[in-house]
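To keep things clear, I will list the structure first and then write my remarks on it.
The values are calculated or read from the model by the stated rules, or taken from the named source; none is laboratory data. Because the structure is a prediction, the values reported are computed rather than measured. Here the Cβ is made from the backbone with ideal geometry for all residues, glycine too, and neighbour counts use every protein chain on show. Calculation scope for accessible area: heavy atoms of the full protein, side chains included, ligands and nucleic acids excluded. Shrake-Rupley method; radii C 1.70, N 1.55, O 1.52, S 1.80 Å.
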There are 2 protein chains.
Amino acid sequence: MMIKFRKLPASACKTLWKMGREDPRRVIHGLKVAAALTIVSFLYLLEPLFEGFGKNAMLAFMTVVVVLEFTAGATLCKGFNRGLGTLCASSLAFFIEFVAEKTGQKCRAAFVGASVFVIGFMATYLRFVPYIKKNCDYGVLIFLLTFILITLSSYRVENVLNIVRERLYTIGIGCSICLLMSLLILPNWSGEDLHSSTVCKLEQLARSIEACVSDYFKDKDIGVKEEEAETSRNLLYRGYREVLDSKSSDETLAHFASWEPRFSRNCHKYPWHLYVKLGGVLRRFGYVAVALHGCLESEIQTPRSIRYIFQDPCTQVATEVTKALTELATSLKNRRRFCPDMLSDHLHKALQDLDTAIKSQPRLFLGSKSANNMLVNWKNDKETSPRVTLPSVKSDISAILSELRHKKIAKRSKDSEERKQLRPTPSKLAIKSLEFSEALPFASFASLLVEMVARLDLVIEQVEELGNAANFKEFQGKDDVV
Amino acid sequence: MMIKFRKLPASACKTLWKMGREDPRRVIHGLKVAAALTIVSFLYLLEPLFEGFGKNAMLAFMTVVVVLEFTAGATLCKGFNRGLGTLCASSLAFFIEFVAEKTGQKCRAAFVGASVFVIGFMATYLRFVPYIKKNCDYGVLIFLLTFILITLSSYRVENVLNIVRERLYTIGIGCSICLLMSLLILPNWSGEDLHSSTVCKLEQLARSIEACVSDYFKDKDIGVKEEEAETSRNLLYRGYREVLDSKSSDETLAHFASWEPRFSRNCHKYPWHLYVKLGGVLRRFGYVAVALHGCLESEIQTPRSIRYIFQDPCTQVATEVTKALTELATSLKNRRRFCPDMLSDHLHKALQDLDTAIKSQPRLFLGSKSANNMLVNWKNDKETSPRVTLPSVKSDISAILSELRHKKIAKRSKDSEERKQLRPTPSKLAIKSLEFSEALPFASFASLLVEMVARLDLVIEQVEELGNAANFKEFQGKDDVV
């Protein structure tokens with residue numbers, strides 16, 4: 001405990017250092033915020049400037065701290081929200097004051113209180129509307145705050161106009177410093193983040209699928225350490241997770257990107273929503289990839305000997321899918337259109353090979369022992385190397401599985417252990433005890449591969465639509481492929 | 001355009017009304033915020049109270065608007081963050097002032113500016129640390145703001161202690177009103193939201209799987225309207241989406257729930273993290289469900305005649321899975337332990353039936369025309385009803401598909417149309433032109449069903465772990481099942 005406590009500062013420093021190295025923009029953003037705050041503090045500290053603005057400098061600080069976000073789009077969006085919220089609230093407050101002035105002082109307190117209640121309720125309720133929650137949650141918050149401040153101030157102070165004017169000035173100063181920092185000095189664009197994260201997702205998917213298929217056909221008994229397998233599995237999962245959990249971050253980035261003026265030069269909006277759509281298509285593609293991955297971890301497994309027969313055609317299809325995804329990523333990265341001609345032939349051929357291979361082994365799906373024996377013979381005929389034969393592989397796997405289960409149970413608390421003993425996990429045993437056609441899982445694997453190729457088309461279509469809408473440059477040969 | 005504009009208020013009112021009816025807690029929350037604001041405004045409006053606190057009432061308003069969140073946990077978390085941030089910032093600011101006092105007035109300005117820069121940078125950079133971003137982002141923000149305000153005030157004002165004291169008082173008043181409103185008056189608990197959303201996810205999954213399997217075996221030619229199919233498909237998707245996209249909302253709810261004092265009465269923490277874990281297991285289960293659903297939309301389809309053979313065992317397995325999920329949902333809803341004994345037998349039997357059915361049709365997976373013909377014969381033998389035979393079904397589906405494709409192409413712009421004509425979508429055609437073993441997709445379907453049963457075990461395990469950790473009551477017969 002004490003040692004852990006003593007090590008805390010060192011590990012914290014390490015984490016901070018690593019974070020900065022991973023993405024130096026974070027350090028730059030920190031410096032930018034610090035610089036903006038220091039500039040505003042000059043308003044307060046320097047004598048001549050203090051006379052003019054200083055008294056309201058606090059509001060400028062608040063604006064900088066709250067509005068200056070990591071990306072330019074987010075800053076613009078928040079600044080706009082803050083400005084608009086303040087303006088709307090001021091006008092409404094003046095209107096209310098105008099009405100309230102007609103009533104007496106006693107009534108006026110009640111009137112102000114009632115208007116605070118009504119506007120408070122309405123603003124809070126409005127924040128539940130999905131559209132407002134997404135686009136101007138912050139604006140409504142600022143609206144409510146400003147409205148209350150002005151309405152209440154007008155009750156005690158004579159000249160509210162001055163308060164409001166100073167307020168607007170300081171918010172203006174704060175916002176303009178934010179915009180300056182965010183747009184002109186080393187800006188981070190949400191749009192670029194979205195673009196590169198989409199490219200990254202395509203690459204991750206390609207890598208995961210390649211790893212998954214090669215894993216499926218790998219001989220696990222031959223010198224692969226548990227740790228290595230573990231890390232490769234983690235890598236696979238991270239690839240999927242980044243794709244599958246990207247929905248909200250994609251939407252946020254696209255929302256902020258639509259605020260950024262950078263890419264809409266040619267008088268037409270850059271199609272950020274198509275990135276979100278592409279993200280959706282990629283997620284659906286990812287579901288198939290995860291299901292494919294599930295074949296690796298399934299309880300019933302096709303014996304490796306059967307898999308060997310189909311290794312080449314399956315790997316071929318997977319390679320072609322990987323190639324297509326990598327090519328898509330490259331074309332997107334270089335902002336050029338995708339040219340799928342060269343891919344279609346290979347993909348077609350790979351599918352045909354798989355088809356031929358499956359047809360050439362019609363008895364596989366019989367699922368009887370005889371088929372297995374036949375396979376073992378076939379395998380022994382083909383390779384004379386003294387590899388493990390089928391039965392031993394199977395018993396190996398079940399041995400490992402049962403061992404794992406025992407470990408798991410041993411770890412549990414006594415209470416649950418008793419319950420476990422009373423009732424062994426029902427369906428796992430059921431699945432094991434059944435002699436399901438052993439090729440069934442492989443059929444699923446192959447079918448998912450084919451399904452994946454079909455989904456790939458949707459991805460390609462979506463990337464093409466994006467390329468058209470965003471006016472990507474035409475493909476001009478392989479030279480610009482990195 | 002004008003008509004749309006005129007209709008806008010009506011439709012907006014409708015949306016707002018619907019939102020309130022869907023979840024009346026939203027209206028209540030709105031009223032609570034409005035009441036809290038009105039109470040604080042009394043501090044300002046009423047003469048005797050104004051003398052005491054009124055001048056700083058603005059800070060109390062700000063606290064109420066920002067801290068009073070929808071659920072009790074979120075309010076507690078934010079209130080704590082605000083309080084701690086203010087306290088830390090005050091102490092640091094006093095320390096800085098103590099050091100700064102030793103230096104001269106000129107140096108002091110530089111010293112204050114430098115400390116603003118350094119603290120500004122550090123606080124902004126710290127907000128990127130994942131742990132801090134998750135737990136105390138708001139606290140760091142408040143820390144930075146308060147620190148700047150106090151440090152700068154101390155440069156101009158003599159007695160800073162007063163400012164700080166008043167600040168803390170008003171924040172205290174704001175926070176206590178928030179806590180009162182949030183914890184004592186019709187509280188919304190994040191924990192309950194998390195609990196019921198988990199129950200809802202289980203139910204949604206059960207419904208989706210049932211619909212998916214019945215859809216797979218449904219005869220589409222017989223009087224099912226396109227619209228109905230569309231709505232049922234949307235229903236299916238919504239079920240999955242709620243499960244698959246739940247990660248961030250689950251984590252947020254669990255984080256806030258861990259702040260809530262309600263369920264940790266027995267001196268041990270309620271295991272909210274296990275809900276997050278269960279959510280993860282459900283997501284993995286959902287991937288298989290989506291892949292199963294993908295079989296409905298796949299490009300290559302097993303002829304309906306083949307599916308008919310396996311309809312009963314498959315439906316049986318799906319029914320058992322649905323039953324198990326519904327039972328899990330019910331037990332979770334009633335906070336009692338899950339009793340899977342009665343399920344295991346049925347599930348086992350259903351799996352065995354499926355196994356038998358698949359084994360009884362070994363020639364299905366041959367994929368040659370002869371198998372198809374055999375099937376048609378078999379089917380005709382079995383049912384003498386004059387249903388469509390295989391070839392016509394197949395050509396029907398391809399006709400529909402090609403028609404759809406034509407429509408799609410017609411909708412595209414000319415540019416892309418030309419490109420399309422040059423290069424027809426590669427793999428779709430490739431898939432169609434291959435005579436893939438037609439039973440392959442069904443094998444995938446069956447395999448995914450079996451896989452789903454295996455994953456169901458993990459879900460059951462997780463629910464049991466949750467039940468143990470949360471001390472759910474023991475199962476006592478069917479009587480309390482709703």
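Observations on the structure shown:
- Shielding of A:33-45 by partner chains, average beta-carbon count, 10 Å: 6
- Heavy-atom SASA rank of B:Arg336, B:Arg455 (probe 1.4 Å, accessible area, largest first): B:Arg455, B:Arg336
- Charge-dipole axis of the range A:1-43 as Lys and Arg at +1 and Asp and Glu at -1 on Cβ define it, positive-most pick from A:Thr38, A:Leu8, A:Gly20: A:Leu8
- Area buried, chain B against chain A - accessible surface, total, 1.4 angstrom probe, square angstrom: 10100
- The mean number of partner chain beta-carbon atoms within 10 angstrom of a residue's beta-carbon across peptide A:158-171 is 0.
- If R0 is taken as 25 Å, the Cβ-Cβ distance between A:Leu161 and B:Glu166 corresponds to a FRET efficiency of 0.40.
- Label points for A:Tyr169 are taken 7 Å from Cα along Cα→Cβ. From this copy to the others they lie 3.0 nm apart, shortest first.
- Shortest-first distances to equivalent copies, position B:Lys14, nm, label 7 Å out along Cβ: 6.1
- Which listed pairs, of A:Lys32/A:Lys473; A:Lys134/B:Lys201; A:Lys218/B:Lys134; A:Lys133/B:Lys7, have C-alpha distances above 32 Å, in listed order: A:Lys32/A:Lys473; A:Lys218/B:Lys134
- Cβ-placed point charges (K, R +1; D, E -1), dipole of the range A:109-232 about Cα centre in debye, nearest 20: 1060
- Projecting label points 7 angstrom from Cα along Cα→Cβ for B:Ile132 and A:Lys106 puts them 5.5 nm apart.
- Euclidean distance of C-alpha centroids, the range A:84-135 and the range B:98-174, integer Å: 32
- Segments A:347-357, A:72-82, A:13-23 sorted - mean Cβ within 10 Å per residue, highest first: A:72-82, A:347-357, A:13-23
- The other copies place their A:Ser248 label points at 0.5 nm from this one, listed shortest first, where each point is 7 Å from Cα along Cα→Cβ.
- Peptide A:23-31 has a mean of 3 when you count, residue by residue, the C-beta atoms of other protein chains within 10 Å of its C-beta.
- Radius 11 Å from Cβ of B:Ser115, net charge of other residues (Lys, Arg +1; Asp, Glu -1): 0
- Nonlocal amide H pairs with A:Phe338, under 5 Å, H built at 1.01 Å: none
- Interface residues of the range B:124-150, defined as a loss of at least 50 Å² in heavy-atom accessible area between the chain alone and the complex of all protein chains with a 1.4 Å probe, are B:Thr124, B:Tyr125, B:Phe128, B:Leu145, B:Leu149.
- Note, ³J(HN,Hα) from phi for the range A:171-180, Karplus 6.51, -1.76, 1.60, rounded to Hz, x at Gly and Pro: 5, x, 4, x, 5, 5, 5, 4, 5, 4
- Karplus-based coupling profile of the range A:87-98, in residue order and whole Hz: 4, 4, 4, 4, 4, 5, 5, 5, 4, 4, 4, 4, with θ = phi - 60° in 6.51 cos²θ - 1.76 cosθ + 1.60 and x standing for Gly or Pro.
- Global geometry of the range A:22-137, whether rounded, prolate or oblate, following the gyration tensor of its Cα atoms and the 1.5 cut on a/c: oblate
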